[in-house]
Amino acid sequence: MVKQNRQNSFKSTAATNIYDQAVNTYVNPVSVLPETGIMGVARALQNNNPTLQKYLGSVIEEEKQKGIMQGEIEVLMASPERLKEITDALKTQDKNVAKNVLSKNIFVRAGIEKRLAINHGLSQEGKLNNFLNNKLIEVEGEDGSIRQVPLKEFDVSSQEFQNAINDFHSTERADLTGIRPEFVNNYFMPEAAVAVKKAYVNQEKNNQEFVANLQNSSFTDTVLANFSTIDFTKLE
């Protein structure tokens with residue numbers, strides 16, 4: 001009886017030790033954040049000390065903002081050669097090359113991508129205006145001859161103007177390779193939309209000026225034509 005109790009006691013104790021033992025079920029969250037020292041501490045303390053975890057969260061946010069600012073400054077201060085190096089690194093599939101060029105700190109890389117998206121967006125207005133102002137449309141005359149006329153001769157509702165806008169987007173597309181979609185949506189697209197809106201306003205203005213000048217020219221030609229038919233020798 002004593003022997004049996006000892007065996008039961010042993011089994012019970014063994015089972016208790018197995019199930020009472022702390023089991024680490026923590027799974028690293030899916031994230032692109034780098035495991036910096038401060039973030040490792042924050043992760044370790046997230047369940048043990050919520051107050052400290054909250055403080056460390058603010059520290060991480062500050063680190064994030066500093067990194068983003070550093071990345072933006074990197075782009076703003078970059079020479080043309082450095083900018084090409086950065087854009088090439090964004091396109092590469094070699095992660096080691098990308099890290100060496102862009103930075104091992106993902107916050108810095110985020111700043112680089114953000115500023116590039118902003119810059120591409122801001123450049124759309126100038127590029128679109130230049131494209132439309134130099135756009136020539138082929139027009140066939142009544143005799144079958146082909147002549148090229150500036151886009152300003154067509155109003156904003158014309159098919160010629162719509163085609164010109166589409167041509168710009170297909171041939172002058174901004175290279176946003178490697179820039180995360182949320183940055184494209186938040187920083188590039190709004191500026192691109194503003195550029196197109198202004199292009200419509202400019203086209204309407206240019207077309208109105210063209211029509212007004214054409215009407216004035218026609219009026220002058222008519223006056224001169226009538227003036228040339230007057231016989232001055234018979235004037236009283």
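The values are calculated or read from the model by the stated rules, or taken from the named source; none is laboratory data. This structure is a prediction, so every number in the text was calculated from the model and none was measured. Don't worry about glycine lacking a Cβ; one is built from the backbone with ideal geometry, like all the others, and counts go over all protein chains shown. For accessibility, only protein heavy atoms count, side chains too; no ligands or nucleic acids. Shrake-Rupley method; radii C 1.70, N 1.55, O 1.52, S 1.80 Å.
Against the conditions (1) touching a Phe, Trp or Tyr at 6+ places or on another chain (Cβ under 6 Å); (2) open to solvent by 40 Å² or more (accessible area, probe 1.4 Å); (3) free of Cβ contacts under 8 Å to residues at least 60 places away in the same chain, Lys114 satisfies every one except (3). Listed by first and then second residue, the pairs with beta-carbon distance under 9 Å, at least 6 apart or on different chains, first residue in the stretch 58-74 and loosely packed, with under 15 Cβ neighbours inside 10 Å, second charged (D, E, K, R), are Ile73/Arg115. Listed conditions (1) without any contact (Cβ under 8 Å) to a residue 40 or more places away in the chain; (2) assigned to a helix (DSSP H, G or I) are all met by Ile137, apart from (2).
For the stretch 170-204, enumerate the residues that are free of Cβ contacts under 8 Å to residues at least 24 places away in the same chain and either surrounded by 15 or more Cβ atoms within 10 Å (Cβ to Cβ) or over 19 Å from the mean Cα position of the chain (by Cα) (or both).
Step one: list which residues in the stretch 170-204 are free of Cβ contacts under 8 Å to residues at least 24 places away in the same chain, which gives 170-171, 173, 181-182, 185, 193, 197, 201.
Within the stretch 170-204, just Val201 meets the criteria.
If you go through the stretch 153-204 and keep only what is over 24 Å from Gly71 (Cα atoms), touching a helix residue (DSSP H, G or I) at 6+ places or on another chain (Cβ under 7 Å) and aromatic (Phe, Trp, Tyr), you end up with Phe154, Phe161, Phe168.
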